[in-house]
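Step one of this worksheet: look at the structure below.
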Amino acid sequence: MDFENNSKVQALVTKLSTKINSLGLKSYDTSVYQQEIYNALLEYYNDRHYTPTNDKPFEDIYSGIIVQLALYAISKFGAEGENYHSEGGLIRTYENGSDYPASLTKKIIPLAKGVG
């Protein structure tokens with residue numbers, strides 16, 4: 001699947017960028033946002049057992065969760081694999097050491113496979 005040339009995937013990148021700016025978080029180059037959206041899509045595909053197509057790279061109902069997964073991963077930059085991170089007197093805690101919290105990934109409901 002060609003993520004770079006898919007308008008729906010690029011719309012998620014734009015949504016992520018807008019969300020980061022509105023929250024006043026540290027901004028990154030668009031390529032960072034693209035990569036994190038791609039990574040979140042791969043997590044979604046794995047959890048959902050979904051096969052993307054060019055017309056439907058993801059199911060619309062999951063677009064918000066995909067952006068949230070990418071936002072969470074970006075917020076952990078510098079603290080990958082940690083449950084908490086302390087720097088300059090500020091302590092940040094995370095749900096787990098994963099790039100993605102279980103509270104988000106459990107919202108991705110696997111597709112049932114037919115019995116053959």
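Loop sites by DSSP among the GluC sites (Glu not before Pro) of the chain, restricted to those with at most 13 other Cβ atoms within 10 angstrom, leave 5-79 as the longest stretch without any of them.
Distances over 18 Å make up what percent of all Cα-Cα pairs in the chain?
Working: 3564 of 6670 pairs.
Cα-Cα pairs of the chain separated by over 18 Å account for 53 percent.
Could you please report the charge total around ARG92, scoring K, R as +1 and D, E as -1 over all other residues with beta-carbon less than 14 angstrom from its beta-carbon? Local charge sum for ARG92: -2.
Remark: the chain carries a charge dipole of roughly 340 debye about the Cα centre, counting +1 on each Lys and Arg Cβ and -1 on each Asp and Glu Cβ. Loop-located chymotrypsin sites (Phe, Trp or Tyr not before Pro) in the range 71-111 (DSSP state not H, G, I, E or B) with no more than 16 neighbouring Cβ atoms inside 10 Å: PHE77.
Bear in mind that the values in this text are calculations on the coordinates, not laboratory data. All of these numbers come straight from a predicted model, not from anything done at the bench. Using ideal geometry, Cβ is built from the backbone for each residue, glycine included, and neighbour counts are taken over all protein chains shown.
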